[in-house]
1. So, THR326, is that one touching a residue at least 12 places away in the same chain (Cβ under 8 Å), more than 22 Å from GLY249 (Cβ to Cβ) and within 24 Å of the chain's Cα centre (by Cα) or not?
2. Please determine whether any residue of segment 192-214 is within 22 Å of ASN315 (Cα to Cα), surrounded by fewer than 23 Cβ atoms within 10 Å (Cβ to Cβ) and within 14 Å of the chain's Cα centre (by Cα).
3. Which residues, counting only those in segment 291-315, are assigned to a loop (DSSP other than H, G, I, E, B) and not charged (D, E, K, R)?
4. When you scan segment 213-290 for helices (runs of 4 or more DSSP H) that lie fully inside it, which ones turn up with 1 or more residues that are within 13 Å of MET183 (Cα to Cα) and in contact (Cβ under 8 Å) with a residue 40 or more places away in the chain?
5. Contact list please: Cβ distance under 8 Å, first residue in segment 350-377 and of a type outside the set (Lys, Arg), second residue at pLDDT below 55, pairs at least six apart or on different chains.
6. If you go through segment 335-353 one residue at a time, how many are in contact with a helix residue (DSSP H, G or I) (Cβ under 6 Å, 6 or more places away or on another chain) and part of a helix (DSSP H, G or I)?
7. Does PHE141 satisfy being closer than 21 Å to TYR248 by Cβ and surrounded by 13 or more Cβ atoms within 10 Å (Cβ to Cβ)?
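The values are calculated or read from the model by the stated rules, or taken from the named source; none is laboratory data. Only a predicted model underlies this, so the values are computations on that prediction, with no experimental measurement involved. Cβ: placed from backbone, ideal geometry, glycine included. Neighbour counts: every protein chain shown.
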Amino acid sequence: MNVIPTLVQTKKELIQIFVVVVLAGLCFGIVGAVITLLLQWFSLQQSGSDSASKHGISTRTSSRLGGLAVMISALIFFVVSYYIDSSSFDNDLERHGNNRFGIFAIMCCAGMGLAEDLKADFLSPAVRLALKFTLFAGIIFVWPELVPVSLGFDGLDYLLSLPFVGAILVIIFLVGFINAVNMADGANGLVPGVAFFSILLFDLQADRAIDASFMAACGVFFFFNVVTGRLFLGDAGTYGLGAALAIYGLMFFNAGIFSLGFLASLFAYPCVDFLVSITRRMLVGRSPFSPDNDHLHNRIHFYLRPKFRSQVLSNSLTGVLVSSCTSGLVILGYINEWWLPSSNEWGYFFAFECLMYAFVFYLTGLGRSVAQHSAAI
């Protein structure tokens, strides 16, 4: 009987939690509703607190333990699914094969991020980068099938045909993609939304319990993050989910299920924003990895903020708009069969996303001061 007074401290929080419980319950059943309380508990922990202005959008101190919460939530969904129907898991286990190496890499990346969430600068950026390169070098060594045979570009295909060079290129891609996801995590629902839509698509394609469990965990977290704004993915979440999306993407691509254009469309925002961010920093003589508040989501939030009294609402609307208008539209196209997921025609949609990024980036930059462009996060 003391759960509500312990976990909910104000009337506003009670209303927010009620909304999330209803949404999670409707979409993911009673387990989803219960996990909402787990997420609320994580949001109240002092460990892993995030400063109010860390991402240039937030206006309140929040918890960075969302990644750990997602992992635990996925495990809960997985265990419950097993006890409901254990017979379906035999086929799942047979289909995992070398996937165990991928799961190991995902857990290592999440653990590396969690160390940073619990103690800032526990590992220097250089050490984290070296550890990720070393980790994926080991994964490629034991799982060389992860390296694509062909991307459809003669020059790249030749390089991929050289075992050592191909392995290096894939390692660079994996590490770069994880950093791109981490860099894009700046608005409520943005990276959680991209992760949810992507893993939902993987689940629709593969129909495995482990994918469904992660999809449900990301879905509940997405609701909680958007409605309350009190729990972020942190480095554990962005590193772990970034590794998961990259590895799953390579697996589906190598199996001929998803085309390069389809995956580029699905992961468009973190990849495009990452490339644009490092390019514009280098053009003005700054380190490509130096932080600032000039990502597209920062610009959109700057535009939306005066239109709403609630800072959480403008923050969350930014993230939801970006994730739903990129990865969300790809899910819509997949369900409505705009093109086959193995078709390269999805490259046209990726080009459209790039044009829209440039168009919105320009429009939302009008009226921003130089200080607002360059403010460090």
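1. For THR326, the condition - touching a residue at least 12 places away in the same chain (Cβ under 8 Å), more than 22 Å from GLY249 (Cβ to Cβ) and within 24 Å of the chain's Cα centre (by Cα) - is not met.
2. No; the residues of segment 192-214 include none that is within 22 Å of ASN315 (Cα to Cα), surrounded by fewer than 23 Cβ atoms within 10 Å (Cβ to Cβ) and within 14 Å of the chain's Cα centre (by Cα).
3. Listed by number, the residues that qualify are PRO291, ASN293, HIS295, PHE308, SER310.
4. Correct list: 234-254, 268-283.
5. GLY365/HIS373; ALA375/GLY56; ILE377/SER53; ILE377/LYS54; ILE377/HIS55; ILE377/GLY56
6. 5
7. no
The rows are residues; the columns are (1) hydrophobic (A, V, I, L, M, F, W, C); (2) in contact with a Leu (Cβ under 9 Å, 6 or more places away or on another chain); (3) without any contact (Cβ under 8 Å) to a residue 60 or more places away in the chain; (4) outside any loop (DSSP other than H, G, I, E, B).
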| site | (1), (2), (3), (4) |
| --- | --- |
| MET107 | yes, no, no, yes |
| LEU129 | yes, no, yes, yes |
| ILE139 | yes, yes, yes, yes |
| PRO148 | no, yes, no, no |
